[in-house]
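Below is one structure, written out as structure tokens, with a few remarks after it.
The values are calculated or read from the model by the stated rules, or taken from the named source; none is laboratory data. Predicted, not measured: the structure shown is a model, and the values here were computed from it. Every residue, glycine among them, receives a Cβ derived from its backbone with ideal geometry; neighbour counts consider all protein chains shown. These area figures cover heavy atoms from the full protein model, side chains too; ligands, DNA and RNA do not enter into them. Shrake-Rupley method; radii C 1.70, N 1.55, O 1.52, S 1.80 Å.
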Amino acid sequence: MDTFNAIVQVLDSTIRLSVPLLLACLAGLYSERAGIFDIGLEGKMLVGAFAGASAAAVFHSALIGLGTAVLISVAFALVHGFASITHRGNQIVSGVAINFIAAGSTIILGQAWFSQGGRTPALQPGERFEAITWPGADAIKDVPVIGPIYAELISGHSILVYFAFAMVPFTWWVLFRTRFGLRMRAVGENPAAVDTAGISVAWLRYRALICTGILTGVAGAYLSMVQNGGFVKDMTAGKGYIALAALIFAKWKPVNAMFACLLFGFLDAAAIRLQGSPLPVIGKVPVQFMQALPYVLTVILLAGFIGKAIPPRAGGVPYVKER
Amino acid sequence: MSTPYAKLPAWADYGLIPLINLSVAFIVAGFVVMLVGENPFRAAVILVEGAFGKGTGIAFTLFYATTFIFTGLSVAVAAHCSLFNIGTEGQAYIGGLGIALVCLSLDSVLPWWVIFPIAIVAAAVFGAAWGFIPAYLQAKRGSHIVITTIMFNFIAASVMVYLLVGPLKPAGSQAPQTRNFLAGAELPKLNWIIELFGAKIRSAPLNICFLLALVMAFLVWLLIWRTRLGYEMRTYGHSPKAARYAGISETRIIITAMMISGALAGMMALNPVMGDQHNVAIDFVSGAGYVGIAVALMGRLHPVGIVLAAILFGMLYQGGAELAFEMPAISRDMIVIIQGLVILFAGALEHMFRPYIQALFASVSPKSVGMQAVNGKGA
């Protein structure tokens with residue numbers, strides 16, 4: 001029974017840790033499917049986390065926090081769009097720039113506004129998203145097997161967790177069952193064809209980037225308003241890059257993205273749980289190895305040893321109307 | 001835009017446009033300073049005085065600049081071959097490992113002038129090796145170099161943390177770093193050069209790596225513009241198809257360019273490790289690899305530009321430290337914003353002002369942009 005409880009706990013933290021990855025990964029999916037590389041997921045998440053926690057603390061409302069997070073994150077996405085769509089700049093350079101501006105400004109503004117060493121004030125109940133207990137969760141908690149699974153894994157998360165997982169089928173539906181999705185995929189593969197059909201390539205790409213901004217904003221809000229009771233500097237800690245890795249791992253497909261993020265979340269959860277205690281068969285595994293595993297796996301995948309990851313064809317290439 | 005970009009005179013292309021982009025970046029940074037509630041002009045004065053006001057300040061500025069010359073050159077060499085090496089950070093980190101191995105094993109027996117060349121080679125080899133894998137994967141398996149180099153930065157960080165809290169840490173020590181090197185692995189300082197000009201220096205880490213950096217800048221210029229290899233790299237950078245048609249091996253050129261880039265990145269570690277800290281500690285690179293991106297873009301990928309841009313960023317680092325002292329609301333992270341803004345305006349939005357400037361040049365003097373006069377036989 002102890003092992004079972006331990007497994008449930010690891011899976012529970014897997015879900016908690018994979019939510020920000022999943023949101024950021026789906027965010028990246030929108031922009032990359034539309035043909036815009038987005039290295040700046042990390043930065044947009046970070047400004048989202050900062051804006052969310054600051055607004056929630058100042059206005060004493062979690063919803064205002066979430067709204068601000070989304071707004072600021074979308075604004076950063078539009079800067080990326082302005083540079084890479086309107087001015088046809090290098091998308092990677094622009095993404096890198098956004099990450100730096102985000103990393104610096106969150107610390108500077110946080111220190112100037114709250115003077116707590118770059119932190120935002122600790123959020124009170126009501127200023128952050130609380131866990132939702134599903135009906136009957138407490139009642140069946142002690143039932144073996146089903147009890148812990150229902151009470152720990154399914155119930156007891158915040159609304160943003162359910163939102164993240166709901167975004168998976170929603171994104172699939174948008175991408176493969178709507179006109180917008182079809183056009184978005186087309187613009188990522190062959191923008192000239194979309195242009196010939198009389199549809200604005202730039203406006204489509206801007207809309208895709210707005211979707212990206214919304215999701216990275218929610219991802220940031222999750223970090224600072226659910227997982228943590230406030231903003232801490234550099235709190236994304238490379239999650240945007242892991243999400244990027246997950247996106248490649250998922251071959252730019254929403255359902256695969258969920259599994260990739262759960263896998264990377266699980267690696268993280270397992271690394272925290274094990275903390276250097278020996279595994280059966282393999283023996284002691286250094287924590288650093290577990291931390292590096294998502295990156296190593298992605299490199300191996302990229303090298304084409306576990307199937308081939310083929311990015312959208314027009315990715316990274318600015319669209320020029322006339323040649 | 002249906003009209004192709006007219007050619008601007010060289011001084012406008014290499015002087016005016018970067019200057020305008022840079023000024024916009026600093027104006028936006030000034031707004032951030034205002035948002036924090038400080039006076040941007042006073043901040044700028046403190047910054048420049050902190051960097052160049054005293055001898056110690058100048059020495060520190062040049063010390064930081066040394067680091068950025070290496071990383072800037074590293075990014076630039078890869079960029080000439082149209083490879084975006086974001087992995088400079090990780091390559092420099094692993095370069096530090098090479099230096100650590102050399103210094104830890106030889107510092108008790110050999111003098112610095114024997115260890116230094118060995119350490120240069122070790123740093124370059126380790127950095128190049130870390131650049132080799134992403135290059136090989138790009139050339140042979142088509143994996144995107146940007147993504148693999150990012151991944152390799154994280155892998156490098158994990159490897160180094162593992163080594164520095166484990167095998168490389170001296171027994172009985174708590175700090176995650178190697179033991180301090182002995183005198184044999186300490187590089188001589190260059191502060192006397194500044195003292196020649198009459199300035200007084202208390203203690204600053206400026207060391208002979210600065211000269212090495214300048215030599216490397218010259219060698220990179222020689223490589224890119226005066227050798228066959230450099231010509232091939234630029235050809236590939238302009239048009240991979242043309243390069244293939246000319247019989248240039250894609251694999252060879254990608255791997256060579258990335259290994260040179262990695263070697264330059266690895267050498268960056270000499271400056272902080274042997275010149276200043278005398279040990280290898282966790283995160284000693286601390287973002288210098290990323291600064292290299294800004295430096296390379298600002299220097300328009302030319303060694304002279306890179307040296308100037310590196311000195312500017314060295315000034316920001318040193319002056320920024322003084323600024324944080326004078327204006328507590330502005331910490332050193334202000335540099336990170338400026339760095340981001342420079343990358344945005346000098347890199348991604350490089351062409352934002354170009355059409356306006358071209359229009360201006362065309363209206364003032366059509367000849368300067370290569371157009372004939374309006375009443376001529378058409379443009």
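Across the options A:ALA257, B:TYR236, B:SER173, the greatest Cα extent toward the positive end of the charge dipole of the protein assembly as shown (unit charges at beta carbon of Lys, Arg, Asp, Glu) belongs to B:TYR236. Using a probe of 1.4 angstrom and keeping all protein chains present, the accessible surface of chain A works out to 41 square angstrom per residue.
In the stretch A:36-61, the residues that give up 10 Å² or more of accessible area when the other protein chains are added, compared with the chain on its own (1.4 Å probe), are A:PHE37, A:ILE39. For chain A, how big is Rg over Rh, using alpha carbon atoms and the Kirkwood form of Rh? Reported Rg/Rh, Kirkwood definition of Rh: 0.99. Label-to-label distance for A:TRP203 and B:TYR356 is 2.7 nm, based on points extended 7 Å past Cα in the beta-carbon direction. Diffusion coefficient (Stokes-Einstein, Kirkwood radius over C-alpha pairs, 25 °C, 0.890 mPa s) for the stretch A:38-77: 253 µm²/s, rounded to a whole number. Separation of the stretch B:295-326 from the stretch B:155-203 is 22 Å, based on Cα centroids. Taking every alpha-carbon pair within the stretch B:66-321, the share separated by more than 33 Å comes to 19 percent. Hydrodynamic radius of the protein assembly as shown by the Kirkwood approach over all distinct alpha-carbon pairs: 26.8 Å.
Give me the percent of the accessible area of chain B that comes from carbon and sulfur atoms, probe 1.4 Å, all protein chains in place. Here carbon and sulfur together make up 67 percent of the probe-accessible area. Each of B:LYS200, B:LYS54 has its accessible area taken with a 1.4 Å probe; listed largest first, they run B:LYS200, B:LYS54.
Extension gain for the segment B:ALA175 to B:ALA44, taken as residue separation times 0.36 nm less the Cα-Cα distance, is 43.5 nm to one decimal. Here the stretch A:1-126 is treated as a Stokes sphere of Kirkwood radius computed over C-alpha pairs; at 10 °C and 1.306 mPa s its diffusion coefficient rounds to 98 µm²/s. Using a probe of 1.4 Å on the protein chains alone, the accessible area found for A:CYS261 is around 0 Å².
Calculated on C-alpha atoms, the gyration radius of the stretch B:1-148 divided by its Kirkwood radius gives an Rg/Rh of 1.09. From the residues A:GLY118, A:VAL299, A:SER158, which one has its Cα farthest along the dipole of chain A in the positive direction, the dipole being from +1 and -1 charges on Cβ of Lys/Arg and Asp/Glu about the Cα centre? Positive-most Cα among the choices belongs to A:VAL299.
Helix-only arithmetic for the protein assembly as shown: the sum of -39500 (n - 2.57) across DSSP H runs with n ≥ 4, divided by the residue total, places the mean residue ellipticity at 222 nm at -21500 deg cm²/dmol.
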